[in-house]
Amino acid sequence: MPDATSEDFEAAAAIIDQALLDLPSLPVLPSEAEDILSISSRERHKWMGDGRLQSAGTRTVKLRGRSKPVTFHVFDPRHIEHVLDSNLPEIWRAEDVATSAENRRRAAGKAALTRAGKRQAKSTADPATRDEISEAVLEGWEEFAAEGLLR
């Protein structure tokens with residue numbers, strides 16, 4: 001700025017100082033949180049759903065070129081700082097891997113029980129009944145075929 005406008009310079013400096021003081025209290029956007037914590041959007045959504053990553057509220061903006069406004073969660077900078085300092089993303093990832101392994105093990109056991117139940121049901125079926133079904137003769141089949149309905 002030119003030297004002649006020192007009042008303008010002081011006013012601009014005061015505005016900038018105030019903006020810098022307010023900066024730590026501004027909410028963190030989702031993309032910023034992903035960058036700061038080095039996480040994916042899938043992890044962010046999952047951890048928010050689990051309650052591990054806490055939202056500080058939502059913001060709704062109308063973007064150019066979109067017909068509807070977009071609503072997204074924002075985060076408290078102190079919470080993001082706590083998560084980063086405590087290295088919680090690594091701990092949460094390890095918990096997610098253990099949970100996934102447990103869920104796969106439980107599903108495999110359930111599938112094995114289902115298969116065993118089906119095998120047991122097939123083996124306990126009355127063999128005479130199965131023979132009767134396979135030897136059943138349809139009555140009136142000749143008349144049906146004679147009318148030409150099976151072309």
(request) Collect residues whose amide H, placed 1.01 Å from N in the peptide plane, falls under 5 Å from the amide H of Val74; neighbours closer than 5 in sequence don't count. (result) Ala56, Gly57, Thr58, Arg59
(request) Could you run the Debye sum over the Cα atoms of the stretch 26-118, one equal point scatterer each and no solvent, and tell me log10 of I(q)/I(0) at q = 0.10, 0.12, 0.16, 0.19 Å⁻¹, two decimals? (result) -0.41, -0.53, -0.73, -0.89
(message) If the reach is capped at under 18 angstrom between alpha carbons, list the lysines near Lys118, excluding any in the same chain fewer than eight residues apart.
(response) Lys110
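Throughout, read-outs are computed from the coordinates displayed, never taken from laboratory work. For clarity, every value in this text was computed on a predicted model and none was experimentally measured.
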